[in-house]
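Please read the structure below before turning to the comments.
The values are calculated or read from the model by the stated rules, or taken from the named source; none is laboratory data. Keep in mind it's a predicted model, so treat the numbers as computed, not measured. Cβ placement follows ideal geometry from the backbone for every residue including glycine, while neighbour counts extend to all protein chains displayed.
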Amino acid sequence: MMESCYCGRSGELEDRKVVVDAARKEALACRMCGHTDDLEWLQPGLRAEIFAAARNRGQQTTQVQVAA
Ligand SMILES: [Zn+2]
């Protein structure tokens, strides 16, 4: 799913970083400006899918950094 941020970044929602916000709710943070979006505007099922995909990508990124 493509999205664009206030900072001008555009890309896939799944490329954002999974964080926990002040309300202890999962959110996705923009990698450029740190803006978080809790995706409450998405359908619950779709929201869960996006978070799962973002988590998977985060793990892949970590593995690449470790290997390098
Ligand atoms: Zn941003």
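Could you tell me which numbered condition M32 fails, if it satisfies all but one of (1) more than 13 Å from the ligand (Cβ to nearest atom); (2) modelled with pLDDT of 90 or more; (3) of a type in the set (A, V, I, L, M)?
(1)
Only one of (1) surrounded by 12 or more Cβ atoms within 10 Å (Cβ to Cβ); (2) part of a loop (DSSP other than H, G, I, E, B); (3) within 13 Å of the ligand (Cβ to nearest atom) is not met by G11, so which one is it?
Checking G11 against (1) surrounded by 12 or more Cβ atoms within 10 Å (Cβ to Cβ); (2) part of a loop (DSSP other than H, G, I, E, B); (3) within 13 Å of the ligand (Cβ to nearest atom), the one that fails is (2).
Mind checking which residues of region 14-29 are within 12 Å of the ligand (Cβ to nearest atom) and in contact with a Phe, Trp or Tyr (Cβ under 8 Å, 6 or more places away or on another chain)?
L28
Could you please find all residues in region 15-34 being touching a Lys or Arg at 6+ places or on another chain (Cβ under 7 Å), of a type in the set (A, V, I, L, M) and either surrounded by 14 or more Cβ atoms within 10 Å (Cβ to Cβ) or on the phi > 0 side of the Ramachandran plot (or both)?
Residues satisfying the conditions are V18, L28, A29.
Just to be sure, is D37 charged (D, E, K, R), within 14 Å of the ligand (Cβ to nearest atom) and either surrounded by 10 or more Cβ atoms within 10 Å (Cβ to Cβ) or at pLDDT below 95 (or both)?
Yes: the conditions hold for D37.
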